[in-house]
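The values are calculated or read from the model by the stated rules, or taken from the named source; none is laboratory data. None of the values given here were measured: they were computed from a predicted structure. Cβ sites come from the backbone with ideal geometry, for glycine too, and all protein chains shown count toward neighbours. Just so you know, the surface numbers come from the protein's heavy atoms only, side chains and all, with ligands and any DNA or RNA stripped out. Shrake-Rupley method; radii C 1.70, N 1.55, O 1.52, S 1.80 Å.
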Amino acid sequence: MSEDFLKNPLSLFDVKGKTAIITGATGAFGAVAAKTLAAAGASVVITASNAEGLKKIAAECEQLGGKAESIAKRPSSEANCDAILATAVAKFGGVDILVVASGQNKVSKIVDQKPEDFLDVMDANVTQSWLMARACVRQMLKQGRGGKIILMSSARGLLGHPAGYAAYCASKSAIDGITKALGCELGATGITVNALGPTVFRSPLTAWMYEDNDNATAVRKGFITRVPKGRLGEPSDLAGPLLFLASKASDFYTGHILYADGGYTAG
């Protein structure tokens with residue numbers, strides 16, 4: 001086994017010159033992913049439905065020293081996914097990294113949830129992830145230099161939740177299944193497929209849990225009793241695992257769900 005990497009171990013995490021597509025880039029995790037990869041030297045193609053929000057994230061990526069191109073589309077159809085990929089190819093010559101950070105949740109008890117809401121969650125979280133992965137796999141195989149696919153799972157793909165999360169839990173369990181299946185299917189190609197599975201981390205949707213009031217304090221205290229690290233997550237807690245999964249450091253890892261959860265799923 002060659003030990004050339006020991007001359008510069010940090011080179012294992014080098015993504016300079018790589019091109020990354022990040023969907024859902026105006027969301028909490030998507031924005032962190034885009035800025036982390038841009039700051040590390042990758043060119044990023046960022047997507048979401050919010051064109052103005054994308055412009056802001058693109059400017060921040062460029063301020064960090066990266067190159068950024070935005071396209072205001074969600075991976076909601078084969079045509080949209082092809083257009084997103086075509087932007088990466090035209091602007092930067094291909095794609096090396098895919099981060100699917102888009103998705104949604106519609107919280108409702110099963111007796112109240114409309115079938116169309118359940119299907120919307122499954123479409124946004126599962127079908128759109130599959131469509132975007134399919135488009136990028138085709139391009140990565142054509143390029144012949146491997147690639148990195150990072151899907152967005154959740155601790156809720158492994159654990160249930162009593163508050164009306166049947167659609168969300170089902171969708172994230174499906175992402176885990178896609179991750180494992182594609183990890184096996186693409187293992188010999190040099191394309192790795194892994195997923196990040198956070199628990200609660202700071203975002204516009206969870207900001208209320210971080211507030212200094214009686215309700216937030218009570219909910220936070222109850223939740224933290226299940227988290228060995230003793231705190232809620234921050235977006236920055238996802239940056240390190242993301243860089244690992246996007247770089248050469250994870251070349252022997254595929255089909256894995258990496259839980260960024262402070263030990264929540266270990267207990």
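Filter segment 106-148 down to residues that are outside any helix (DSSP H, G or I) and of a type in the set (Gly, Ala, Ser) and give me whichever is surrounded by the most Cβ atoms within 10 Å (Cβ to Cβ).
By that ranking, first place goes to 147.
Tally time: how many residues in segment 232-267 are surrounded by 20 or more Cβ atoms within 10 Å (Cβ to Cβ), among the hydroxyl-bearing types (Ser, Thr, Tyr) and more than 16 Å from the chain's Cα centre (by Cα)?
Matching residues across segment 232-267 total 1.
Find the residue count for segment 13-30, including only residues that are closer than 18 Å to residue 102 by Cα and more than 11 Å from the chain's Cα centre (by Cα).
Result for segment 13-30: 2.
In segment 132-153, what residues are more than 14 Å from residue 20 (Cα to Cα), without any contact (Cβ under 8 Å) to a residue 60 or more places away in the chain and out of contact with any Asp or Glu (no Cβ under 9 Å at 6 or more places or on another chain)?
Answer for segment 132-153, where residues must be more than 14 Å from residue 20 (Cα to Cα), without any contact (Cβ under 8 Å) to a residue 60 or more places away in the chain and out of contact with any Asp or Glu (no Cβ under 9 Å at 6 or more places or on another chain): 138, 141, 142, 144.
For segment 198-212, which positions are among the small types (Gly, Ala, Ser) and in contact (Cβ under 8 Å) with a residue 40 or more places away in the chain?
The answer is 203, and nothing else.
For residue 103, indicate whether it is in a loop (DSSP other than H, G, I, E, B) and closer than 19 Å to residue 70 by Cα.
Criteria met by residue 103.
Output yes when any residue across segment 155-164 is out of contact with any Leu (no Cβ under 7 Å at 6 or more places or on another chain), surrounded by 23 or more Cβ atoms within 10 Å (Cβ to Cβ) and at pLDDT 95 or above, and no when none is.
No: zero hits.
For segment 195-231, how many residues are of a type in the set (Ser, Thr, Tyr), open to solvent by 90 Å² or more (accessible area, probe 1.4 Å) and touching a helix residue (DSSP H, G or I) at 6+ places or on another chain (Cβ under 7 Å)?
Of segment 195-231, the ones of a type in the set (Ser, Thr, Tyr) are 199, 203, 206, 210, 217, 225.
With open to solvent by 90 Å² or more (accessible area, probe 1.4 Å) added as a condition, the list becomes 225.
Within this subset, residues satisfying the condition of being touching a helix residue (DSSP H, G or I) at 6+ places or on another chain (Cβ under 7 Å) are none.
The qualifying residues number 0.
Which one of 79, 83 is of a type outside the set (Asp, Glu) and open to solvent by less than 50 Å² (accessible area, probe 1.4 Å)?
None of the other options fit; the residue is 83.
In this structure, is residue 251 within 25 Å of residue 13 (Cβ to Cβ), in contact with a strand residue (DSSP E or B) (Cβ under 8 Å, 6 or more places away or on another chain) and at pLDDT below 95? Spell out the reasoning first.
On the way: within 25 Å of residue 13 (Cβ to Cβ): yes; in contact with a strand residue (DSSP E or B) (Cβ under 8 Å, 6 or more places away or on another chain): yes; at pLDDT below 95: no.
No: the conditions fail for residue 251.
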